[in-house]
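The values are calculated or read from the model by the stated rules, or taken from the named source; none is laboratory data. The structure presented is a predicted model; accordingly, all values stated were derived computationally and were not measured. Cβ atoms come from the backbone with ideal geometry, glycine included; neighbour counts cover every protein chain shown.
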Amino acid sequence: MTAAAVVQASQSLVREGLTVGTSGNISVREAGEEMVWITPSGVSPENLEASGVVAVDLASGEPRDGRPSSEVGFHLGIYRAREDIGAVVHTHSPWATAVSCARLTIPPFHYMMVGTGDGTLECAPYHPPGSPQLAAATVVALGQRSACLLANHGAVTVGPNLDAAMGMAREVEALAQQFALSRLLGGAVNLESEEVVHLREIFTAYRDGMNRDD
Ligand SMILES: [Zn+2]
């Protein structure tokens, strides 16, 4: 079930123009188990099948079979640091990557930025792809937020489940585009911190309303 959802999501990333070739990777924590499903290394989403999704032991980092994505380090680091995270999506989506190459942290320039948690998107300092240093820097830049950028590389988004992490990947790409375009007009006027606090209240009330059964 979980492996099939990972395949579907990784094919969506390509279809939606959020990744090209084998550059993106996705993982999902298996509920109730110390185990993570992650896309394999070097397989294009269009050629990926559920049987090719790799199961990795969360504590040891050892794959139970196959060869996991080269970025398995930051996926596991995020799950170990954050109990609340059920899925991680990594893309080189064009606008988010452009902002990451400028090594910019995105401030609360638009009300939708509050979807990250505190209204900002930190950019982790540059480290080589697949390195333990990149994994550590990603966990720090993410903090308690739902997304971060990786300098000269791309974006990472997280959520309690795969749908939420995928939705955040789309949102981050749209916000990065809006941020970059507003800089062409001389730069956005950022929201005041008390406006961000108010927005967080609105978002929390909206989310709680969505989660109500009645
Ligand atoms: Zn990457």
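Could we say that Ser23 is crowded, with 18+ Cβ neighbours inside 10 Å and among the hydroxyl-bearing types (Ser, Thr, Tyr) here?
Numbers: crowded, with 18+ Cβ neighbours inside 10 Å: yes; among the hydroxyl-bearing types (Ser, Thr, Tyr): yes.
For Ser23, the condition - crowded, with 18+ Cβ neighbours inside 10 Å and among the hydroxyl-bearing types (Ser, Thr, Tyr) - is met.
Scan (1) closer than 29 Å to Tyr206 by Cα; (2) touching a strand residue (DSSP E or B) at 6+ places or on another chain (Cβ under 8 Å) for the single condition Val99 breaks and write down its number.
(1)
Taking the condition of being closer than 27 Å to Ala9 by Cα and among the basic types (Lys, Arg), how many residues in the stretch 163-214 meet it?
Number of matching residues: 3.
How many residues does the stretch 136-161 contain that are of a type outside the set (Val, Ile, Thr) and either within 12 Å of the ligand (Cβ to nearest atom) or at pLDDT below 95 (or both)?
7
I need the full set of residues from the stretch 18-67 which are away from the ligand (no atom under 16 Å from the Cβ) and in contact with a Lys or Arg (Cβ under 6 Å, 6 or more places away or on another chain), in order please.
Residues satisfying the conditions are Val36, Ala55.
Could you list, in sequence order, the residues of the stretch 58-79 that are in contact with a Leu (Cβ under 9 Å, 6 or more places away or on another chain) and free of Cβ contacts under 8 Å to residues at least 24 places away in the same chain?
Within the stretch 58-79, Gly61 is the sole residue that qualifies.
Within the stretch 168-214, which residues are in a loop (DSSP other than H, G, I, E, B) and either out of contact with any Pro (no Cβ under 9 Å at 6 or more places or on another chain) or free of Cβ contacts under 8 Å to residues at least 60 places away in the same chain (or both)?
Step one: of the stretch 168-214, the residues in a loop (DSSP other than H, G, I, E, B) are 185-192, 212-214.
Scanning the stretch 168-214 gives Leu185, Gly186, Gly187, Val189, Glu192, Arg212, Asp213, Asp214.
Residue-by-condition table, conditions (1) touching a helix residue (DSSP H, G or I) at 6+ places or on another chain (Cβ under 8 Å); (2) under 17 Å from Gly86 (Cα atoms); (3) crowded, with 21+ Cβ neighbours inside 10 Å:
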| site | (1), (2), (3) |
| --- | --- |
| Gln133 | no, no, no |
| Leu142 | yes, yes, yes |
| His153 | yes, no, yes |
| Asp163 | no, yes, no |
| Arg170 | no, no, no |
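Taking interchain pairs and intrachain pairs at least six residues apart, which have beta carbon atoms under 8 angstrom, with the first residue in the stretch 10-25 and more than 21 Å from Gly130 (Cβ to Cβ) and part of a loop (DSSP other than H, G, I, E, B) and the second within 12 Å of the ligand (Cβ to nearest atom) and not β-branched (Val, Ile, Thr)?
Between residues of the stretch 10-25 that are more than 21 Å from Gly130 (Cβ to Cβ) and part of a loop (DSSP other than H, G, I, E, B) and residues that are within 12 Å of the ligand (Cβ to nearest atom) and not β-branched (Val, Ile, Thr), the close pairs are Gly17/Ser93.
One residue is enough: does the stretch 31-40 have a residue meeting the conditions free of Cβ contacts under 8 Å to residues at least 40 places away in the same chain and over 19 Å from Gly66 (Cβ atoms)? Reasoning before the result, please.
As a first pass, look at the stretch 31-40 and keep what is free of Cβ contacts under 8 Å to residues at least 40 places away in the same chain: 32-35, 37-40.
If we keep only those that are over 19 Å from Gly66 (Cβ atoms) as well, we get 32.
Taking every residue of the stretch 31-40 in turn, at least one turns out to be free of Cβ contacts under 8 Å to residues at least 40 places away in the same chain and over 19 Å from Gly66 (Cβ atoms).
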